[in-house]
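Asker: Sending over a structure as structure tokens; questions will come in a sec.
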Amino acid sequence: MNKGMSTDIKVGIFTLVVLVILLWITFRISSGSIFGRTEGYELKAEFHNAQGINTKTGVFLAGIKIGYVDDIKLKDDEALITLRIEPGVKIGENAQAVIRTKGLLGERYIDIVPGKQTAEPLQPGGTIYFTESPPDFEEVMNKLNNIASNLESVTHSLKDVFGGNNGEKNLQEIVDNLNKTLAHMNHLVVTTDNNLNRTLVSLNTFTDSLRDQGPDILSNLKLVSGDLHEIIAKNKGNVNTLIDRISKASEKLDKTLGNLEVITQDVREGKGTIGKLLTDKKTAEQVSHAISGINNMVGGTSRFQTIIDYRGEYQFQFKNFKSYLDLRLQPTPDKYFLLGIVDDPSGYVSKSTNYTYTQVNNGPVQQTQTVTQNVTSQLKLNAEIAKRISYFTFRGGIIESTGGVGIDIHTPYEPAWLSLEMYNFNSNQHPTIKAMMSISILRYFILSGGMTDIANKDSRTWFLGVGLSFNDRDLKNIFGLAASTTYVNTK
């Protein structure tokens with residue numbers, strides 16, 4: 001009789017210890033620190049709108065992370081946010097807390113804008129009174145829609161006014177009106193000149209008459225002559241000024257008419273932006289497509305986020321690599337759908353046992369046991385659905401072509417998380433249990449490590465893994481760079 005503990009009892013104790021450790025880490029994470037203490041000090045800030053902020057949102061100063069959001073509460077229709085700031089970081093009393101967004105549709109974070117350096121630093125538990133909430137996204141989208149609609153209306157109006165035969169007719173009417181105005185001004189100049197000549201003739205006649213009248217009228221003539229000279233001098237200055245102004249206006253009108261003739265000729269020949277817009281159908285279609293593109297961009301901001309992950313794991317016991325390629329479709333930040341393939345060098349393993357009974361010389365019957373192990377396809381499939389609640393992400397579905405469940409435990413610092421999976425419940429031995437810890441480096445690289453097939457003594461093994469992760473924006477940038485490089489090489 002074997003006095004030691006059986007394998008099942010050892011595996012059960014190991015699994016229980018792992019679960020207790022995971023629960024302990026989870027409670028420590030929820031309390032704000034893995035090691036039972038909370039580092040840093042608290043600051044308060046009130047915002048009118050805290051949309052997109054949660055208890056793990058980062059706090060940055062000059063682009064460097066200095067803390068995170070510890071708590072969010074509602075106070076008098078305002079969002080009261082508690083910030084956990086790293087020790088040694090001092091924030092002045094006149095600093096400003098601003099909610100910003102990484103990119104157009106990126107994640108939210110709180111940016112601390114420092115004030116004057118002479119300000120006293122805030123004490124632990126103090127309040128940042130200067131805050132700025134983010135603009136309402138729907139309001140911005142409505143304004144962009146209105147701008148696009150107004151631009152389309154202006155384009156159609158310009159096309160209606162200047163397009164086709166009507167446009168040429170309108171321009172010709174403008175030129176005709178300017179010609180009529182110039183003719184009227186010339187007529188006014190001629191009329192004024194004729195009136196001045198008549199006035200001079202009348203004055204000469206009047207002077208001759210006065211000379212013939214005799215000496216009695218000469219004395220009065222001197223007085224009248226003085227007054228008349230004064231009037232003529234004043235009127236002559238005004239008339240000269242008027243003539244100068246009319247001459248300058250005539251020159252400006254001549255230049256304007258010349259410019260209008262050049263513009264009209266360019267428009268008829270399809271030169272310039274307006275000429276192309278009025279005469280070139282292709283340009284008009286491009287403008288319409290551009291406006292439609294603006295409307296599509298404004299109306300299509302809500303969409304799935306696509307993430308592609310690759311991970312390779314080196315298994316120390318078997319000295320081989322196991323590869324994973326996953327496609328994750330994430331309609332919202334708290335849930336996603338995962339499709340993937342797994343290249344497992346060990347493949348599907350099935351065992352069968354055959355018994356042979358033999359009897360020699362009427363002796364006892366001897367039993368012979370033969371165990372046959374079969375390995376089939378190496379390619380396995382993953383199809384999971386996941387839902388995140390606070391620091392936990394619960395998964396379920398098909399894991400490596402068998403039914404399974406999993407849980408991911410996130411830390412306040414998003415780059416690190418713990419994972420526990422159970423699948424292959426129909427195995428001849430125990431189900432496959434896999435425990436793993438992962439960390440994201442530079443957002444694109446993932447390092448992981450842990451133990452797989454914990455419950456089965458013969459197949460359990462430690463592993464280390466490295467992987468890559470790209471979202472749809474990264475893929476667009478990669479394909480765009482490749483396309484531009486190809487274009488330059490072909491030119």
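The values are calculated or read from the model by the stated rules, or taken from the named source; none is laboratory data. Everything quoted here is computed from the prediction, not taken from an experiment. No Cβ is skipped: glycine too gets one built from the backbone with ideal geometry, and neighbour counts run over all protein chains shown. Just so you know, the surface numbers come from the protein's heavy atoms only, side chains and all, with ligands and any DNA or RNA stripped out. Shrake-Rupley method; radii C 1.70, N 1.55, O 1.52, S 1.80 Å.
Asker: What are the residues in the stretch 282-329 that are at pLDDT 70 or above and of a type in the set (S, T, Y), if any?
Answerer: Answer for the stretch 282-329, where residues must be at pLDDT 70 or above and of a type in the set (S, T, Y): T306, Y310, Y314, S323, Y324.
Asker: Can you find a residue that is within 22 Å of V20 (Cα to Cα) and either at pLDDT 80 or above or open to solvent by 90 Å² or more (accessible area, probe 1.4 Å) (or both) anywhere in the stretch 366-388?
Answerer: Taking every residue of the stretch 366-388 in turn, at least one turns out to be within 22 Å of V20 (Cα to Cα) and either at pLDDT 80 or above or open to solvent by 90 Å² or more (accessible area, probe 1.4 Å) (or both).
Asker: Scan the stretch 68-97 residue by residue and report those that are exposed (fewer than 15 other Cβ atoms within 10 Å of the Cβ) and assigned to a strand (DSSP E or B).
Answerer: Answer for the stretch 68-97, where residues must be exposed (fewer than 15 other Cβ atoms within 10 Å of the Cβ) and assigned to a strand (DSSP E or B): D71, K73, L74, K75.
Asker: Just the residues that are under 18 Å from M422 (Cβ atoms) and either among the basic types (K, R) or open to solvent by 20 Å² or more (accessible area, probe 1.4 Å) (or both), please, taken from the stretch 439-452.
Answerer: Within the stretch 439-452, just M451 meets the criteria.
Asker: Condition first: part of a strand (DSSP E or B) and either under 28 Å from S133 (Cβ atoms) or at pLDDT 85 or above (or both). Can you find one or more residues in the stretch 30-42 that meet it?
Answerer: Looking through the stretch 30-42, at least one residue is part of a strand (DSSP E or B) and either under 28 Å from S133 (Cβ atoms) or at pLDDT 85 or above (or both).
Asker: Shifting gears a bit: Check the stretch 436-447 and report whether any residue there is in contact (Cβ under 8 Å) with a residue 60 or more places away in the chain and in contact with a helix residue (DSSP H, G or I) (Cβ under 9 Å, 6 or more places away or on another chain).
Answerer: No, the stretch 436-447 contains no residue that is in contact (Cβ under 8 Å) with a residue 60 or more places away in the chain and in contact with a helix residue (DSSP H, G or I) (Cβ under 9 Å, 6 or more places away or on another chain).
Asker: Cβ-Cβ below 7 Å, separation at least six or inter-chain, first residue in the stretch 387-407 and under 20 Å from S323 (Cα atoms), second of a type in the set (F, W, Y) and in a strand (DSSP E or B): which pairs?
Answerer: Filtered contacts from the stretch 387-407: I399/Y423; E400/Y423; T402/Y423; G403/Y423; G404/Y423.
Asker: For the condition more than 26 Å from N54 (Cβ to Cβ), of a type in the set (V, I, T), outside any loop (DSSP other than H, G, I, E, B) and open to solvent by less than 50 Å² (accessible area, probe 1.4 Å), what is the one hit in I407, I433?
Answerer: None of the other options fit; the residue is I433.
Asker: Take the stretch 43-61 and flag every residue that is closer than 18 Å to N94 by Cβ and at pLDDT below 90.
Answerer: Hits for the stretch 43-61: nothing passes.
Asker: Which count do you get for residues in the stretch 421-470 that are among the polar types (S, T, N, Q), under 39 Å from the mean Cα position of the chain (by Cα) and under 20 Å from Q317 (Cα atoms)?
Answerer: 1
Asker: All but one of (1) surrounded by fewer than 16 Cβ atoms within 10 Å (Cβ to Cβ); (2) at pLDDT 85 or above; (3) not aliphatic (A, V, I, L, M) hold for Y336; state the number of the condition that does not hold.
Answerer: Y336 satisfies every listed condition except (1).
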